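The values are calculated or read from the model by the stated rules, or taken from the named source; none is laboratory data. Every value quoted in this text rests on a predicted model; they were computed, and no experiment measured them. Here the Cβ is made from the backbone with ideal geometry for all residues, glycine too, and neighbour counts use every protein chain on show. The area values use the complete protein model at the heavy-atom level, side chains included, leaving out ligands, DNA and RNA. Shrake-Rupley method; radii C 1.70, N 1.55, O 1.52, S 1.80 Å.
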Amino acid sequence: MYTIYNVTYGDTLESIAGYFNTDVATLKEINSFPNNYQVSMGDQVIVPAIKNNRFMTYTIKKGDTLYEIARRYNVDVNTLIMLNGLEKDDFIYPNQEIIIPRDEVKVYITKNGDTLESVLADNNLLLDELYSRNSEIYLLPDQMIILKD
């Protein structure tokens, strides 16, 4: 299962590979990147979907909607859409796999204008808490930040 990652400022293939628990060779292979390829801000990279204890995999069943899945798992539908590299108007299909944060995990997808202070204040967090859950925080739009796990 794969998803699309939007490259942000400071990303490298190495940092992206580390975040998604894979290696650079795998990223180059699934994206058909040449050996000397360097990512640039704004690029889209196909990455393995996050597989760790913070997320679970859900297989779409006939009749499922993203809104119903989001309600069932108590996840904001926009977060679910962004976590899976989807658009609001995308169709989902039976047997398609998506990732969903586990019950105890709270994520935030950054938006334009976010500051470290606003994210901390809006989520009642301390800076050390945020850094302990996230290896890199750029605060560029569409970055996933783990708020609680």
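Annotations for the structure displayed:
- The set of residues in region 13-39 being among the acidic types (Asp, Glu) and either touching a residue at least 40 places away in the same chain (Cβ under 8 Å) or within 21 Å of Leu83 (Cα to Cα) (or both) consists of Glu14, Asp23.
- Considering residues of region 16-26 that are surrounded by fewer than 16 Cβ atoms within 10 Å (Cβ to Cβ) and outside any loop (DSSP other than H, G, I, E, B) only, the residue modelled with the lowest pLDDT: Gly18
- Single match in Thr3, Thr8 (criterion: surrounded by 15 or more Cβ atoms within 10 Å (Cβ to Cβ), among the β-branched types (Val, Ile, Thr) and farther than 22 Å from Tyr93 by Cα): Thr8
Residue by residue, here is whether (1) modelled with pLDDT of 90 or more; (2) assigned to a loop (DSSP other than H, G, I, E, B) holds:
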| position | (1), (2) |
| --- | --- |
| Thr57 | no, no |
| Val75 | yes, yes |
| Ile92 | yes, yes |
| Ile137 | no, yes |
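- Qualifying residue in region 77-90 (condition: open to solvent by 20 Å² or more (accessible area, probe 1.4 Å), closer than 24 Å to Ile30 by Cβ and assigned to a helix (DSSP H, G or I)): yes
- Within region 58-76, the set of residues being closer than 19 Å to Ile145 by Cα and open to solvent by 50 Å² or more (accessible area, probe 1.4 Å) comprises Tyr73, Asn74, Asp76.
- All positions within region 116-142 that are acidic (Asp, Glu), under 28 Å from Ser40 (Cα atoms) and surrounded by fewer than 11 Cβ atoms within 10 Å (Cβ to Cβ): Glu117
- Look at (1) part of a loop (DSSP other than H, G, I, E, B); (2) on the phi < 0 side of the Ramachandran plot; (3) open to solvent by 40 Å² or more (accessible area, probe 1.4 Å) and you find that Glu29 fails only one, number (1).
- In region 33-91, the residues that are among the hydrophobic types (A, V, I, L, M, F, W, C) and closer than 19 Å to Tyr138 by Cβ: Val39, Met41, Val45, Val47, Ile50, Met82, Leu83
- Region 32-47: number of residues that are in contact with a strand residue (DSSP E or B) (Cβ under 6 Å, 6 or more places away or on another chain) and either within 11 Å of Tyr2 (Cα to Cα) or open to solvent by less than 100 Å² (accessible area, probe 1.4 Å) (or both): 3
- Residue in region 5-12 that is hydrophobic (A, V, I, L, M, F, W, C) and not in a loop (DSSP other than H, G, I, E, B) present: no
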